[in-house]
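The values are calculated or read from the model by the stated rules, or taken from the named source; none is laboratory data. Because the structure is predicted, anything quoted here is derived from the model rather than measured. Neighbour counts run over all protein chains shown; Cβ positions are idealised from the backbone, glycine included.
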Amino acid sequence: MKKLRELTEKEIATLVVYGCSAENWKNISVSENFSPKFFQNVHFSGKVSLGEYNEVFELPGGVIKHSGIFNCHIHNSEIGDNVFIDKIHNYIANCKIQENVYIENVNLICTDGFSTFGNGTEVATMIESGGREVKIFDKLSAPLAYIYTFYRHDKELVSAIDKLISEYAKSKTSDKGIIEKNAQIVNCGEIKNTNIGAYAQLSSVTSLSNGTIVSNEIAPVIIGHGVQCEDFIIQSGSKITEGALLTRSFVGQGCLIGKQFSAIDSLLFANFQGLHGEAVSIFAGPYTVTHHKSTLMLTAYYSFMNAGSGTNFSNHMYKLGPVHQGITERGVKTSSGSYIMWPAHIGAYSVVLGKHKGNPDLKDLPFSYLIKNEGESQLLPGINLHSAGTIRDVEKWPKRDLRKGEKIDPIIFDFLSPHIISKAIRGIEVLKDLLQKMEATATFVWYQNCKIKRSNLRKGIELYEMAVDSYLANTINKIDKTIEIDETEWVDLAGLIAPKTEIEKLCESIKSLNTSLPDIQDKFVELYNSYDKFNFSYANSVIMQKYGKNISELSGVEKTTIFEKGKNADKIFNDIILRDARKEFSNTSKIGFGLDGEEFEKNADFENVRGNFESHPFVIERLNRN
């Protein structure tokens, strides 16, 4: 803190000449090198401290403005060095404004009473009528929110987490809001009880109330035209623009929200993208995407999810209110016009097409197609392992990470992870059981209100077994023979894949009340860093299940057999994926090209716009694997 002094009589006289006034000049303290030169038409009330103003701001278009304070009412606030404030139509009250902040043409900035600035706000995620409320705070991670949301069977655990967050929110309580260094606030409406992080850029924002914007130099937060946020947290590197509406919501790192998208009681984690549509009481894990105006995301858990246009997730089986929820595991996609009536559980990397009201529970059948056929829900287990789109999605996610600096959500991008392989193994058991119980003359069987053809049962078993073979072949040579841990159950905590036993240990630690919020985050990071070790352990346990031997007990021939089976599965998958990718270069895909020409012009137009199969980066990468 700089040493402050009272204004001199000469400084007061100069300020008065420049149109300034104060309820009591003795309540104004200034830095040693303060000069009244760059003040005009300012009214001071309450206790105000002022810095020194020597620097200039260079604005777009080459406009230069000298730091200083003009045309405003400042009440009970601390103003740092080299700040520019002009045209505050109402007032600035109860604020700590750090150095090099630029504020111009704003209606109101104030802190009214004591505030936690959004920390501790209860968000009714998953169920509109309540039951899974999460108290948000400015360092909330996806895996902590996952445990907090879904482990309601353990009241002691939930109570302990609730207590930790409540104590943290209490520590953030203040009667003065902070605008951190180098923030810019221009042409905005009302900003109340909101902490604004360093280098944040606010332009033409309509209103912010009871929130925290976590921003920094390498990952500034940008909030733009027409945005309205109430009871919120926004983490670093996110961009909220174009009339977005957020109420009782949490926005993670690197998110993009705009085009009038609205969210109520929602948790939106790293790299979430929401444009146009609507979200109500959702838990959106990393990389969840919705880009369409007519899409409604409602009362569900999503992760790495892509919602097609017009997708409707419905909880409107009203009897005791809006109490139903849905689960879509990692990597689910929906086609245009899809509809799912909750409750339902869609398995990882599955694709939903058409309307489904049968409340299926498909958690044990990943990589499936759920389609509507002659008015009935039909399931094709494992078939999405064929898709070039699935592989492309998996490979693009790490490349599209918009987070910079410290990453709060630890994300495992591994495709055939232990969590997914355990699902595939369970899927094999389910499909074999269904096949065994089928009548000899039957052509299909019903499972979870979905029809599965006999041929699809067999195909699903084959595909899941190939996925397991591929996983083992790509892991076997990395296994540390000294590992003795046997991890057979895994969980995907909204991006963090970890052994269930390790999460149970963490939960017990939290319940003991000997763990802090930073300790919990450190544990998540430790689990992230230990993923390979646990992964190898799981592969070893799968080998034990399949061959009755530990990896160290396998003969060279047996290891070679495992390796060859996996490589053969990889080649089959790769060939199928390449055939799927080739469809994008078929004559059907060329429809509409060469608009006014013949066949030659159509082919040339297509190639000049889209390229050809052989030169496409995705195809080249897959061909190099063969």
task: Within region 591-599, identify whether any single residue is within 33 Å of the chain's Cα centre (by Cα) and either of a type in the set (Gly, Ala, Ser) or at pLDDT 90 or above (or both), and answer yes or no.
output: no
Qualifying positions in region 541-560 - within 14 Å of Ser470 (Cβ to Cβ) and not hydrophobic (A, V, I, L, M, F, W, C): Lys546
statement: Within region 81-122, residues part of a strand (DSSP E or B) and among the acidic types (Asp, Glu) come out as Asp86, Glu104, Glu122
- request: For region 432-447, indicate whether the set of residues that are surrounded by 21 or more Cβ atoms within 10 Å (Cβ to Cβ), assigned by TED's automatic domain parsing to the domain that holds Ala344 and either among the β-branched types (Val, Ile, Thr) or without any contact (Cβ under 8 Å) to a residue 60 or more places away in the chain (or both) is non-empty.
  value: no
- request: Quick one: Ile452 ticks every box in (1) under 32 Å from the mean Cα position of the chain (by Cα); (2) in contact (Cβ under 8 Å) with a residue 24 or more places away in the chain; (3) buried (at least 18 other Cβ atoms within 10 Å of the Cβ) except a single one, so which number is it?
  value: (1)
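Yes/no matrix, rows are residues, columns are (1) touching a strand residue (DSSP E or B) at 6+ places or on another chain (Cβ under 9 Å); (2) crowded, with 24+ Cβ neighbours inside 10 Å; (3) not in a strand (DSSP E or B):
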residue: Met297; (1), (2), (3): yes, yes, no
residue: Gly310; (1), (2), (3): yes, no, yes
residue: Phe313; (1), (2), (3): yes, yes, no
residue: Ile340; (1), (2), (3): yes, yes, no
residue: His345; (1), (2), (3): yes, no, no
residue: Asn359; (1), (2), (3): yes, no, yes
residue: Leu365; (1), (2), (3): yes, yes, yes
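Table: residues versus (1) more than 30 Å from Pro518 (Cβ to Cβ); (2) at pLDDT 95 or above.
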{"residue": "Ile408", "(1), (2)": "no, yes"}
{"residue": "Asp433", "(1), (2)": "yes, yes"}
{"residue": "Ala440", "(1), (2)": "yes, no"}
{"residue": "Glu484", "(1), (2)": "yes, no"}
- request: Quick one: count up the residues across region 525-559 that are touching a residue at least 60 places away in the same chain (Cβ under 8 Å), under 17 Å from Pro418 (Cα atoms) and within 32 Å of the chain's Cα centre (by Cα).
  value: 9
field: Single residue of Tyr528, Tyr471, Tyr464 found to be under 26 Å from Ile411 (Cβ atoms), part of a helix (DSSP H, G or I) and in contact with a Gly (Cβ under 6 Å, 6 or more places away or on another chain)
entry: Tyr464
- line: Over region 509-524, the set of residues part of a helix (DSSP H, G or I) and surrounded by fewer than 15 Cβ atoms within 10 Å (Cβ to Cβ) is Pro518, Asp519, Asp522
task: State whether one or more residues within region 82-94 are hydrophobic (A, V, I, L, M, F, W, C) and under 31 Å from the mean Cα position of the chain (by Cα).
output: no
- request: Might you let me know whether region 158-174 holds any residue that is in a loop (DSSP other than H, G, I, E, B) and at pLDDT 95 or above?
  value: yes
statement: The correct count of residues that are at pLDDT 95 or above and closer than 20 Å to Leu275 by Cβ in region 308-330 is 1
